[in-house]
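Input: a single structure, listed below in structure tokens.
The values are calculated or read from the model by the stated rules, or taken from the named source; none is laboratory data. All figures in this text were calculated on a predicted structure; none of them were measured in a lab. When we count neighbours, we look across all protein chains shown, and the Cβ atoms used for this are built from the backbone with ideal geometry, even at glycine.
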Amino acid sequence: MKKIIILAITFSAEVLATSAWAQIENVATKDSNLVISNIYAGLLAWTGYKLDTFSLPSAATVRVGSVLTWKTSQKLSIEVMGVYEAGAGKPLVIAAGWMRYRPAKNWKVMAGYIPTPISEQRPFPLSPGGQFETWTMSQIPGGALGFKNTLILGKATLVSGIVRRSAGFEYQLAGSYGPLTTGLYYQPDSKSMGFATTLTTSKVYSLLVIKPTLIGNTSVLKVAKNLKIYNDCGFDLKEKKFLREVFGIFRPFTSKTFKGLLSFSYSVTDNSLISCLFIHI
């Protein structure tokens, strides 16, 4: 079931690229040094129609969570995050904490369980895009224990970091300028490396991921005010075959309380027609 969900909801790329889809942020508490940075709740429901077996698989997931920030000083803050998702398959639990230090206006350092330099091209777990990722997005290494430096150089941003995974240490470097963001990682112990680049404009979103064994792409094109077309495709470089081929359309909607998306897609690899409804605060 999880496989079909990942295929169906390629429109998460657009959620990432649209600031209007942000969750509730910066809620003050009675303690001026404590701020609820993020509050998120979302419901995703999908129904598929497999054209070869005429079956109708369906599922729904609910995700809730929050980030609390303790501002110990103007330069130093400590943040903790909790995420819980129930629905299709085993419940998802994410608990993480990190320190953020800003020595200068254009320089910040993070340490702890952090979003790594290259994983900044993946959606934040407590966001609409974070409730679900495209297959291509999931190929980028996620958060890990380590530290990173971020330098803002005019219109450019440079991020470097070292993290520790089960396979050993991992070194990462990423940078952005205007609509383009690029990152790479290297694991000396496993001699594994990968590359990801994202283009984000008012009409186009495109993510390309290249690893030793595969290449993936998620792209979204705005064709009308409230209508987008998209794809999420992956190719196995060793087996020389497609791992994912999904194409579809989606339409966002909003109300005074909720925001959401309605999506219809076709999965070539599963020979399935899929509809999705997504609502969040």
Problem set entry | Close pairs from region 203-220: first assigned to a loop (DSSP other than H, G, I, E, B), partner among the small types (G, A, S), Cβ under 7 Å, at least 6 apart | P212/S192
Problem set entry | All positions within region 123-158 that are at pLDDT 95 or above and of a type in the set (D, E, K, R) | K148
Exercise. Among the residues of region 84-97, which ones are surrounded by fewer than 21 Cβ atoms within 10 Å (Cβ to Cβ) and either touching a strand residue (DSSP E or B) at 6+ places or on another chain (Cβ under 8 Å) or at positive phi (or both)?
Worked result: Y84, A86, G87, A88, G89, P91, L92, V93, I94, A95, A96, G97
Exercise. Has region 176-187 got at least one residue that is on the phi > 0 side of the Ramachandran plot, touching a strand residue (DSSP E or B) at 6+ places or on another chain (Cβ under 8 Å), surrounded by fewer than 22 Cβ atoms within 10 Å (Cβ to Cβ) and without any contact (Cβ under 8 Å) to a residue 40 or more places away in the chain?
Worked result: no
Exercise. What's the number of the condition H280 fails, among (1) touching a residue at least 40 places away in the same chain (Cβ under 8 Å); (2) out of contact with any Lys or Arg (no Cβ under 9 Å at 6 or more places or on another chain)?
Worked result: (2)
For this session: Take the residues in region 22-49 that are of a type in the set (S, T, N, Q) and surrounded by 13 or more Cβ atoms within 10 Å (Cβ to Cβ), then tell me which one is modelled with the lowest pLDDT.
Result: Q23
Exercise. Can you name the residue in region 247-268 that is of a type outside the set (A, V, I, L, M) and in contact (Cβ under 8 Å) with a residue 40 or more places away in the chain and is also farthest from G42 (Cα to Cα) among such residues?
Worked result: S267
For this session: Pick out the one residue from R122, R100 that is without any contact (Cβ under 8 Å) to a residue 40 or more places away in the chain, closer than 30 Å to F258 by Cα, in contact with an Asp or Glu (Cβ under 7 Å, 6 or more places away or on another chain) and basic (K, R).
Result: R122
For this session: Enumerate the strands (runs of 3 or more DSSP E) found wholly within region 29-136, keeping only those where 3 or more residues are in contact with a Leu (Cβ under 9 Å, 6 or more places away or on another chain) and over 30 Å from M193 (Cα atoms).
Result: 34-50, 58-71, 76-86
Seminar exercise, completed: Considering residues that are in contact with a helix residue (DSSP H, G or I) (Cβ under 9 Å, 6 or more places away or on another chain) and either in a loop (DSSP other than H, G, I, E, B) or of a type in the set (V, I, T) (or both), the number found within region 237-263 is 2
Problem set entry | Yes/no for I24 being farther than 29 Å from G248 by Cα and in contact (Cβ under 8 Å) with a residue 12 or more places away in the chain | no
